[in-house]
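See below for the structure under consideration.
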Amino acid sequence: MNHQHDSQDLHTTDTIDSTETIDQGRRRVLLLGMFGAVGTSAAAFGLLPKNLLADSLPASTATAPLKEPIVFASSGGTLQATLRATTKATSVAGQLISGTMTYNGHYPGPTLQVKPGDHILLKVHNNLDLTAAAAPNPHPGATHNHATAMTVPPANTLNTHFHGMHVSPLPKADDIYLATPFGGSYDYDFQIPANHPGGLYWYHPHVHGVVDNQIYAGLAGLLVVEGGAAQIPALQGARKRLMALKNIAIANGALATGVAPADQLHTLNGQLAPSIGIHPGETQLWQVANIGNEPYYKLSLDGHRFTVVAEDGAMLWESYTTDTLLVPPGKRFEFTVTGGKAGSYAFRTLGYNSGPFGDWRAAQLATMVVAGKLDTPRTVPVQLDEPPAYLTGPIVKRRYLRFSEGFDLSTNTPYFDINGKTFEALRNGAQVKLGTTEEWLIYNDSNRSLNEGGVAEDHPFHIHVNSFIVTEIDGMPVKAYGTQDVVNVLPGQKILIRMAFPDFIGKSVFHCHILFHEDNGMMANFEIVP
């Protein structure tokens, strides 16, 4: 299953272009040149007393049972539903919060539940009634990127991306280049392939320049394709727990911005530290998605282990058991948990530092309460499926992608690029031939970043339309357990992926899923052609 390859020859093959864009103005704009020497919380700016963040949340939310988002389910082979993006106050962490952006007034949005082969008829209304002063911005600071005179798109421009879904990137489907203005709507109309993997996905806006702000404010929801790991015989009839992890800061009943990662709260399905019931010996399937704009979660469950059965929507071909799971922005895992002795156990994030602007602290996400009648544990087999044929098939093209960032002292702005270019929607990207398999080497060039006034940060790589298999890290073969659509690339690290392009044509993008990086240029186009 391991694949060896000399990554050096990738340096000489063709590269993939991207574009210039706008800086949404983050705390790093003010502080990047000082390499994080000054604290970056809103309290440090004199904007927000830190104690308001904790004091604003009712203690009762800590023991509330976990509630799952409302569900819009397909029927008779069709999902026909309406989403309304709105700025009305919504309930988060047990209180009414203003300044949010949500779908249908829910935080997170309704879960879209579909089957492979379903027809999607989804109307999305843009009711984001904002003034410039009211537009939520998690990163106050400068308003333009050093490389372009473009202005930021209106904060209430909207579209919808079906993250991780293997569907067409053309109009009416997963077209991230469209932009619906305030007051408008768009009718999505596309087919899910009959062989689409069952599992956990999500949806969110993807208008370049305002994605970070909109997702931070709450525009995100889960999407479940029935089947996959949930249909493993050993898990038939097991209770499922659907969980959306999301970061937020709240002050005086309103969404707070300019708050450092270390001072943000973390919600689970919009709740703060809910309880999750389980019987002793009972095996449950937990489906967990990181739908935040930038947070990292390093998951752990006191006294228990995770048996991982799916990643990024696709069932693994081999399950494995672990004590912790790193969940970068955009990523999903599905794993089993079997209740131990009666008692309460903390489901927590152990904290993770993705760089000078990503110090995500440890926090309790929920409490698992083991109580009730003794159940019989379920054993998940190691062998679940077979690897796809393209893992060992011929490679048609090899590409090299260098992710780096810097700081322009002349304009006092950071920039983020791929192969030396910041994103431009109209720029032609790499042309990938339909029906072929390629290898891409993804390099987090932290040396270049540091030499050009930037900082060394993680970059979670994500690509649209197709998933991939990681085959090497820093030139060493790695064991792959399944496919994925997000992989975290550490500073200085080189990750080799293998990817097939079997059945869709059209133009789309790949990018860093730290959304401030994406909004400020760390994204590039590619096009699948006949």
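The values are calculated or read from the model by the stated rules, or taken from the named source; none is laboratory data. In this text the structure is predicted, and so the values were computed from the model without any measurement. With ideal geometry, Cβ positions are generated from the backbone for all residues, glycine too; neighbour counts draw on all protein chains shown.
Scan the range 469-489 and tell me whether some residue there is closer than 25 Å to residue 387 by Cα, without any contact (Cβ under 8 Å) to a residue 40 or more places away in the chain, assigned by TED's automatic domain parsing to the domain that holds residue 417 and within 20 Å of the chain's Cα centre (by Cα). Taking every residue of the range 469-489 in turn, at least one turns out to be closer than 25 Å to residue 387 by Cα, without any contact (Cβ under 8 Å) to a residue 40 or more places away in the chain, assigned by TED's automatic domain parsing to the domain that holds residue 417 and within 20 Å of the chain's Cα centre (by Cα). Could you list, in sequence order, all residues of the range 164-217 that are surrounded by fewer than 16 Cβ atoms within 10 Å (Cβ to Cβ), in contact (Cβ under 8 Å) with a residue 40 or more places away in the chain and among the aliphatic types (A, V, I, L, M)? Those that are surrounded by fewer than 16 Cβ atoms within 10 Å (Cβ to Cβ), in contact (Cβ under 8 Å) with a residue 40 or more places away in the chain and among the aliphatic types (A, V, I, L, M): 170, 194. Among the residues of the range 286-324, those identified as of a type in the set (A, V, I, L, M) and under 17 Å from residue 223 (Cβ atoms) are 288, 289, 291, 310, 314, 315. Inside the range 66-82, can you point out the residues that are of a type in the set (Val, Ile, Thr) and over 21 Å from the mean Cα position of the chain (by Cα)? 78, 82, listed by residue number. Filter the range 429-445 down to the residues that are assigned to a strand (DSSP E or B) and not aliphatic (A, V, I, L, M), then identify the one that is surrounded by the most Cβ atoms within 10 Å (Cβ to Cβ). Here the answer is 444. What residue, among those in the range 393-422 that are assigned to a loop (DSSP other than H, G, I, E, B) and at pLDDT 95 or above, is surrounded by the most Cβ atoms within 10 Å (Cβ to Cβ)? Result: 419. Within the range 462-478, is there a residue that is outside any helix (DSSP H, G or I), at pLDDT below 95 and more than 24 Å from residue 201 (Cα to Cα)? There is no residue in the range 462-478 that is outside any helix (DSSP H, G or I), at pLDDT below 95 and more than 24 Å from residue 201 (Cα to Cα). Scoring residue 438 on the criteria (1) under 13 Å from residue 526 (Cβ atoms); (2) without any contact (Cβ under 8 Å) to a residue 40 or more places away in the chain leaves a single failure, condition (2).
Restricted to the range 447-461, and to residues there that are at pLDDT below 95 and in a loop (DSSP other than H, G, I, E, B), the residue that is surrounded by the most Cβ atoms within 10 Å (Cβ to Cβ) is 454. Total residues in the range 98-113 satisfying the condition of being more than 21 Å from the chain's Cα centre (by Cα) and buried (at least 24 other Cβ atoms within 10 Å of the Cβ): the figure is 0. Any residue in the range 354-364 that is aliphatic (A, V, I, L, M), in the same structural domain as residue 498 (by TED's automatic domain parsing) and touching a residue at least 40 places away in the same chain (Cβ under 8 Å)? No, because not a single residue in the range 354-364 is aliphatic (A, V, I, L, M), in the same structural domain as residue 498 (by TED's automatic domain parsing) and touching a residue at least 40 places away in the same chain (Cβ under 8 Å). Could you check the range 317-337 and list, in sequence order, the residues that are closer than 18 Å to residue 228 by Cα and out of contact with any strand residue (DSSP E or B) (no Cβ under 6 Å at 6 or more places or on another chain)? Scanning the range 317-337 gives 317, 318. Number of residues in the range 492-521 that are in contact with a strand residue (DSSP E or B) (Cβ under 7 Å, 6 or more places away or on another chain) and under 26 Å from residue 246 (Cβ atoms) equals 11. The set of residues in the range 501-519 that are of a type outside the set (Ser, Thr, Tyr), assigned to a strand (DSSP E or B) and crowded, with 21+ Cβ neighbours inside 10 Å comprises 509, 510, 511, 512.
In the range 423-446, the qualifying residues are those that are within 27 Å of residue 391 (Cα to Cα) and of a type in the set (A, V, I, L, M), and the one that is modelled with the lowest pLDDT is 430. Please specify each residue of the range 394-425 satisfying the condition of being farther than 18 Å from residue 457 by Cα and without any contact (Cβ under 8 Å) to a residue 60 or more places away in the chain. The answer is 394, 396. If I go through the range 340-356 residue by residue, how many of them are assigned to a strand (DSSP E or B) and surrounded by fewer than 15 Cβ atoms within 10 Å (Cβ to Cβ)? Looking only at that region, the number is 2.
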